[in-house]
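The values are calculated or read from the model by the stated rules, or taken from the named source; none is laboratory data. Please read all numbers here as calculations on a predicted model, not as lab measurements. Backbone-built Cβ (ideal geometry, glycine too); neighbour counts: all protein chains shown. The area values use the complete protein model at the heavy-atom level, side chains included, leaving out ligands, DNA and RNA. Shrake-Rupley method; radii C 1.70, N 1.55, O 1.52, S 1.80 Å.
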Amino acid sequence: MRVVILFGSEMGTAETVADSVADALAAHDVSVYDMGDFAVDDLDVHDFHVIVCSTYGDGDLPTNAEPFFDELAVAAPDLTGLRFAVFGMGDSIYGDTFNRGGEIAAEKLVECGAIQVGEHARHDASTEIRAKEMARDWAATLPIAAFAPA
C-alpha cells in the first residue's frame, strides 16, 4: 500500500520525525512531502496518509502547512474514503494550545470527509521522550494493512 507522509514544521523537527515514520513503514511504498510542496489535488483516497505536524505560535499550524490547509478550505474536496493518522508535536508548557497544530490538521481533513484512524499521537517536548523514537513506535501500531486495496 502507498503511504504518503506530509509534514508541517517550523524548525525542521517534524521533517526529522516524518523521516523516522517513513523508516518504520518501509515495508510499504512510502513518500515524504513538505506540506508546502504538496497540492490538495494530489490527495488520493487509495493512499494512506500520515500527517506529522508541529504547533507554532499561539497554537497555530506551522508556516509551511498553512498554504496546504488554505487550499483545502478553498477547494473543499470530497475526501470520503481517505484514511489518515496524525502525529502531533507541541510543548505542554503552552497549556491550552498544546499540540494544537496536529489537532487543526485533523479537524480540517475530517471536515472534508476523511477519516482519522489509529491513536492521535501527541508528542510533548517537555518530556525526555524523543519525538523520533515515539514516532517510530507509534507508526508500528498504525492499521495500514487494514486499508490496503483488495
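Just a few scattered comments:
- Taking 104, 115, 129 and ordering them by how much accessible surface each has at a 1.4 Å probe, largest first, produces 129, 115, 104.
- Across the options 74, 93, 109, the greatest Cα extent toward the positive end of the charge dipole of region 57-113 (unit charges at beta carbon of Lys, Arg, Asp, Glu) belongs to 109.
- The apolar share of the surface of the chain, taken as the fraction of accessible area on carbon and sulfur atoms (1.4 Å probe, ligands and nucleic acids excluded), comes to 48 percent.
- Unit charges on C-beta of K, R, D, E only; dipole of region 15-112, Debye: 300 debye
- For residue 45, net neighbour charge (Lys/Arg +1, Asp/Glu -1) across residues whose Cβ lies under 14 Å away: -3
- Residue 28 contributes an accessible area of around 60 Å² to the protein surface, as traced by a 1.4 Å probe with all chains present.
- Within a Gaussian network of the chain (alpha carbon springs, distance under 10 Å), most fluctuating of 13, 80, 55: 80
- Size of charge dipole - region 1-66 - debye, nearest 20, with Cβ of Lys, Arg +1 and Asp, Glu -1, no other charges: 220 debye
- For the chain, the per residue solvent-accessible surface stands at 48 Å², with DNA, RNA and ligands left out and a 1.4 Å probe.
- Accessible area of residue 78 (1.4 Å probe, protein heavy atoms only, ligands and nucleic acids ignored): about 120 Å².
- Average 1/r across all pairs of distinct alpha carbons in the chain, invert it, and you get the Kirkwood radius: 15.0 Å.
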